[in-house]
Structures are given as structure tokens and as C-alpha cells.
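Let me begin by presenting the structure, written as C-alpha cells, before commenting on it.
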Amino acid sequence: MLQISVTKAETLKQKPDENKLGFGNFFTDHMFVMEYTEGKGWHDARIVPYAPLAIDPACMVLHYAQETFEGMKAYRKADGSIQFFRPLENVRRLNRSNERLCMPAVDEDLFLEALKQLVSIDENWVPHIPETSLYIRPFMIATDVHLGVHASHTYKFIIIMSPVGAYYPEGLNPVKIFVESDDVRAVRGGTGFTKCGGNYAASIRAGARAAENGYSQVLWLDGVERKYIEEVGAMNVMFKIGDEVITPELSGSILPGITRKSCIELLKYWGVKVSERKLAVEELFAAAKEGRLVEAFGTGTAAVISPIGALKWNDTEVVINNGEIGALTQKLYDNLTGIQWGKVEDPFGWIEPLK
Ligand code: PLP
Ligand code: COI
């Protein structure tokens, strides 16, 4: 495995107030960087002081968006120790994204080692107060200085980290979501199943329109018929209809969320009926009108479990569970975050300790 060299920062930054972290506002003292050159593979793995990158204006990522990223967290337990949640799932998804975007794979063991060394060096940045964590953002960019459209021959892989609180200012209070019928995020055969920057660029306009109207995020419909529910801007979605939890199947155009997968596994473990299937927006709104849509929530690393209190589609708005968090949503939140923060036992082997 590649050796990772370490250069420590000479001066450390002042840490932010843990009560005012928000999401993605502050960055730690160090970052991990390594380079890829075709024919040579990955090289120059290093941990260095967090600093701006010098990038040539003709760098390919700036023009054709050959970029992938991941989102994961390190959690501090009550005894002060630090742990990760299913980190191998992130590097495996990164490598699936990379394959789609013709980018090189990252070795799983090296990824884990880089993560552990980086978090160890910036250990004091993992926040202490409840509901906070250290958000970790691994990403890869194409660095050839060239304007032809083809795969780059050189890449940088970087990991940066940010201490975070809640993703939505609402916290665990239910969010309002707007069902988007005009713009689409992704189509089958495209890059929807990957975590690449371009997917998010395409989503910003609808998100901004929803925000102007008082909605936190959009709920995407499938890109072909605009009929089936896909996912929310930064979360997968689940609906409790009657006593069954329904979530859109992995169609190729939605992100296979690690929180989604974990919720499905938890629900099955509890004996709750879960179906991964196509769910038409009409079916969802009909269930709401008949009083059978009893809970709705989003799942994601940044947002964890986010209850949905209202859904707007064209001219119809439905309120779910009186705009309050439902019992099953709360139970999932408590158990999932309980495992992540080491407050409840992990029967699944999801936790990877830092040391
Ligand atoms: N869907 C999108 C578009 C996302 O950006 C995310 C967040 O990463 C998710 C779903 C949830 O994925 P995960 O649970 O792996 O964080
Ligand atoms: C996540 O990591 O959970 C994300 O959704 C990434 C995001 C903030 C775009």
C-alpha cells in the first residue's frame, strides 16, 4: 500500500463554536491529497495543511465536470472515542461513480487508512456536543490541462473535513417538500446513480424555485414520464402507507443511499414490511387523500432522517401526520443515530472505530 507522508500545519485555526456550526461552513487544519497519472497509478499520497489548490484554468474538471465525491461522517461517542459508519460503503460507491465517469478506482484499504490518519491528526475537530459530527468530503477531479472532451489522464483525490450540526435549520422538525414537475435531475443511462458534481448543478434551479416558495427541497420525479417518485435533493425518500414502508427502487437514476440501505435493513430487522418499488406520485397523493399516508421522511448522511411534514404537487398540498414527526420516523432516527454516536448497540457490524 502507498505510504502516506504527513506535513503538519504550523499554526492551527481557531475552532468554531460547536453550537453554531451549521453545515459545511468550517474546515479542519489538514487535508489528504494524492495524484493519479495514467501508466503510473496513484502516487504522492500525503496529509498536508488545508490550503487552496493551484489549478490551471484549462484544467479539465473546470470545463467538463469530470468530478465525483462522497459524503460521510466521523462521530464522537460519550467516552470521547471516535467512530465511522459503514465507511467501505462510501469507497465502493465512489468507485462505482468513478467507473461511470471513466475515472480511476481508489483502493479500499488505502481509503480507510487515509481516512483514519487524517481524522486522527484533526481529532480535536470532531465536535463534542449532541447532534454534531465531522462531515468528511472525499472527492476526485480531472486535472489534465486540455480542452478536448475525453477522459483525463491525471487526477487528484482529496479528502477535506468540516465539523457540522444539522443540515436543515429545521433539525428534526418536519420539512416541506415541493414535487418538481418541470426540471428533471437524471435519467436512466445517465449519471443519476453516481455522486458527481454535475447532478447537483442540474438540480439547483428547481431547488431555488422551491426555496422561493417556502419549501426546503424538491422531490424529483423520473426523467422520462415525470410520474414516479425518485428522491429528494440530498436524500432518498420513504413513505409509510398503511403499515408498509415504500421507497423507490434503485432505478439507475437515483443515488443508492447508505442511509437508505441502513434504514431498510433496520426496518426489516424490526419486522416492518418494506417495499422497494416504483411509486407513482398519483398513488402517493391518493393515499394521502384517503388518510393512508401516515409518515414520510428523507434519509441521507448530511440530513440523517428528516421528517417530511408537507408535500406540494401542482396545486395540491398535503400535510402528513399533522406536520409532526411520526413514531416510526422517530424510532429510526433514534436507533440509527444511536448506533452512529455509539449510544445503542450495533448488531450489524456497521461501526468502524478510529482506533
Ligand atoms: N440522494 C442524493 C441526491 C444525495 O446527495 C444523498 C446524499 O449523499 C443521498 C441521496 C443519501 O445518500 P447517503 O445516505 O449515502 O448519504
Ligand atoms: C450527503 O452527504 O448527505 C449529501 O447529501 C451531500 C450533499 C450535502 C450534497
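Values in this text are rule-based calculations from the coordinates and carry no lab data. Computed from a prediction, not measured in an experiment: that's the story for all the values here. Here Cβ is always computed from backbone atoms with ideal geometry, including for glycine, and neighbour counts include all displayed protein chains.
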**Prompt:** Do any chymotrypsin sites (Phe, Trp or Tyr not before Pro) in the range 280-355 lie in a DSSP loop with no more than 14 other beta carbon atoms within 10 Å, and if so, which?
**Reply:** F348
**Nonlocal amide H pairs with Q217, under 5 Å, H built at 1.01 Å** = F178
**Prompt:** What distance in nm separates the simple spin-label points at I158 and S5, each placed 7 Å from Cα in the Cβ direction?
**Reply:** 1.9 nm
**Message:** Quick check: Cα centre of the range 159-204 to Cα centre of the range 223-243, how many Å?
**Reply:** 13 Å
**Prompt:** Which of the residue pairs K77/K312; K13/K73; K195/K343; K289/K343 have a Cα-Cα distance greater than 28 Å in the structure shown?
**Reply:** K77/K312; K195/K343; K289/K343
**Complete:** Scoring only Lys, Arg, Asp and Glu (+1, +1, -1, -1) among other residues with Cβ under 12 Å from the Cβ of F157 yields -2
**Complete:** Once normalised by the length of the chain, the mean sequence separation of its alpha carbon contacts under 8 Å that are 6 or more apart gives a contact order in percent of 18 percent
**Message:** If the reach is capped at under 16 angstrom between alpha carbons, list the lysines near K278, excluding any in the same chain fewer than eight residues apart.
**Reply:** K227, K240
**Prompt:** Just how far, in whole angstrom, is the range 79-119 from the range 1-43 if you go by their alpha carbon centroids?
**Reply:** 14 Å
**Asked** When the chain is treated as a GNM, springs tying every alpha-carbon pair under 10 Å, which of A327, A206, A105 comes out with the largest mean-square fluctuation?
**Response** A327
**Request:** Quick one: among A296, A210, A51, which has the greatest mean-square fluctuation in a GNM of the chain with alpha-carbon springs under 10 angstrom?
**Result:** A51
**Message:** Filter the chain for me: DSSP H helices, axial length by Cα at least 15 angstrom, mean Kyte-Doolittle hydropathy not below 0.5. List them by residue number.
**Reply:** 108-121
**Item:** In nm, spacing of pseudo-spin labels at R277 and R226 (7 Å Cα→C-beta vector)
**Value:** 2.6 nm
**Request:** May I ask you to derive the FRET efficiency for L172 and D44 from their Cβ-Cβ distance with R0 = 35 Å, giving the value to the nearest 0.05?
**Result:** 0.25
**Under the Karplus curve 6.51 cos²θ - 1.76 cosθ + 1.60, θ = phi - 60°, whole-Hz ³J(HN,Hα) for the range 161-172, x wherever Gly or Pro sits** = 9, 9, x, 10, x, 6, 6, 9, x, 5, x, 8
**Asked** Stretch N213-K261 to full length: gain in nm at 0.36 nm per residue minus the Cα-Cα span?
**Response** 14.1 nm
**Request:** Choose one answer from C59, C196, C263: the residue with the largest mean-square fluctuation in a GNM of the chain with alpha-carbon springs under 10 Å.
**Result:** C59
**Prompt:** So how much slack lies between F348 and H63, counting 0.36 nm per residue of separation and subtracting their Cα-Cα distance, in nm?
**Reply:** 98.4 nm
**Message:** Could you give the length gained by full extension between H150 and Q14, i.e. 0.36 nm per residue of separation minus their alpha carbon distance, to one decimal place?
**Reply:** 44.7 nm
**Asked** Where in the range 196-219 does the amide nitrogen come within less than 16 Å of the point 7 Å from the Cα of N314, taken along Cα to Cβ?
**Response** none
